[in-house]
């Protein structure tokens, strides 16, 4: 089955700096890669996604890159703000269920 | 706005009682719903996958007689924790998926279950 590894497990940045979270996957059949943000006591919320026919996607301060050959994808957050502090999960999906990474706790210090 | 509604958000009950959690897709028909359990500071652990009108598929190690799942309609799935015990205390999250390749899972806000 699919295996997704996510790094780092914790990340602390100063407000205004950039944050990068990386994930690798094992199944070349995976073709859809969403990123979720989970705030304390709430369910994960989709923040951005990318499909396997695209190498990069950007939405304001958030961007995701995908390298299919190397089987890795990354989340980039620029100009971080304290409200970006949360747990971020990557996932890889084929025709069936999604496989999630273990999460990254991002702390943005004001 | 929220596309998946999960209720209740928090439940406290005595050991031995059964607890039902509802998950509704609000803006779309969910042919597949997922139920996850999440321990503090850990990732999402898939418990089972349910398809409308058919029996749920449980992950290895998850007791199907303990965690009853019903997906009777395209917008509603329920998880019933039967004869709950303190070790069942956890954060349970549902997720709904609309048919089609490359579609994201939308999550509910979770249910905090505390068994005394």
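Summary of values
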read-out	value
Residue count, the range B:23-57 (criterion: under 13 Å from the mean Cα position of the chain (by Cα), farther than 16 Å from residue B:90 by Cβ and more than 12 Å from chain A (Cβ to nearest Cβ))	3
Filtered residues of the range B:72-116 (kept if over 28 Å from residue A:92 (Cβ atoms), within 14 Å of chain A (Cβ to nearest Cβ) and buried (at least 19 other Cβ atoms within 10 Å of the Cβ))	B:113
Selection within the range A:11-22 - part of a strand (DSSP E or B) and more than 19 Å from residue A:70 (Cβ to Cβ)	A:11, A:12, A:13, A:14, A:19
Test result for residue B:34, in contact (Cβ under 8 Å) with a residue 60 or more places away in the chain and part of a strand (DSSP E or B)	yes
Positions within the range A:53-94 being in contact (Cβ under 8 Å) with a residue 60 or more places away in the chain, more than 11 Å from residue A:33 (Cα to Cα) and not in a strand (DSSP E or B), in sequence order	A:78, A:79, A:80, A:81, A:82, A:84
Meets criteria (away from chain B (no Cβ under 14 Å), over 21 Å from residue B:47 (Cβ atoms), modelled with pLDDT of 95 or more and over 13 Å from the mean Cα position of the chain (by Cα)) for residue A:82	yes
Scope the range A:23-44; condition facing another protein chain (nearest Cβ under 7 Å) and outside any loop (DSSP other than H, G, I, E, B); matching residues	A:32, A:34
Residue B:69 being within 14 Å of chain A (Cβ to nearest Cβ), more than 23 Å from residue A:4 (Cβ to Cβ) and not in a loop (DSSP other than H, G, I, E, B)	no
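The values are calculated or read from the model by the stated rules, or taken from the named source; none is laboratory data. Bear in mind that the values here come from a model prediction, so they are computed numbers and not experimental data. Glycine gets a Cβ as well: all are built from the backbone with ideal geometry, and neighbour counts include every protein chain shown.
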